[in-house]
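K.L.:
Take this structure first; my questions come after.
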Amino acid sequence: MSEITKEILDRMIDGRSSWEELVAVMRADKEPDRFAKYREVLQERATWRDRILLPIALHLCIVQKDDGARVVKCDCGHEFGDYRRNWKLSARVRVRNTKAGIDELYPHPMGCNPEWMELREYFCPGCYTQLDVEAVPPGYPVVFNFLPDLEAFYAEWLGEKI
Ligand SMILES: [Zn+2]
């Protein structure tokens, strides 16, 4: 594959790529501007105008507001607040900690034992899109997936100042 275009990235985001196209992308060398292209595709798809700094999950990005604040934002526009605070603490949560609740997703015997593990599903309060799922022991603290060093990422990897 010669060039990974924005159209290919757009199809990948929506899961519309063929298996052959995905394999070709995975095997290809990553071009230096891949992140810029990916960010452009996300920015063009956004229904809001805040600048995307970093996608952190499917449907979630860290954006920069006009006042300089950096917040976690869902595709739908819902804002979870400062990116240094775990966005999951402001999400809707469904905890599957019963055999029936777990069997609904993973029929026996594929599911976990609820005495040893629970499934926590996190949803956006704005659009109810499922944003993440944790499989953790009961009582385990909410997992903070990712706290990026935005300044270092932009300065050292992209040669930009934000
Ligand atoms: Zn949302």
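K.L.:
Anything in segment 120-157 that is in a helix (DSSP H, G or I), surrounded by 14 or more Cβ atoms within 10 Å (Cβ to Cβ) and not hydroxyl-bearing (Ser, Thr, Tyr)? List them, or say none.
P.N.:
150, 153
K.L.:
Moving on to the next point. Quick one: in segment 96-146, of everything that is over 17 Å from the mean Cα position of the chain (by Cα) and of a type in the set (S, T, N, Q), which residue is nearest to residue 72 (Cα to Cα)?
P.N.:
Here the answer is 97.
K.L.:
Let me ask something else. Against the condition at pLDDT 95 or above and surrounded by 12 or more Cβ atoms within 10 Å (Cβ to Cβ), how does residue 58 come out, does it pass?
P.N.:
no
K.L.:
To continue, here is another question. Consider segment 1-23. How many of its residues are touching a helix residue (DSSP H, G or I) at 6+ places or on another chain (Cβ under 9 Å) and more than 24 Å from residue 59 (Cα to Cα)?
P.N.:
Total meeting the criteria: 1.
K.L.:
Could you check segment 73-128 and list, in sequence order, the residues that are more than 17 Å from residue 142 (Cα to Cα), modelled with pLDDT of 95 or more and in contact with a Cys (Cβ under 7 Å, 6 or more places away or on another chain)?
P.N.:
73, 74, 76, 78, 126, 127
K.L.:
Then there is this: Working only within segment 91-109, note down all residues that are closer than 16 Å to residue 57 by Cβ and outside any loop (DSSP other than H, G, I, E, B).
P.N.:
Selection gives 92, 93.
The values are calculated or read from the model by the stated rules, or taken from the named source; none is laboratory data. All values derive from a computational prediction rather than experimental measurement. Cβ: placed from backbone, ideal geometry, glycine included. Neighbour counts: every protein chain shown.
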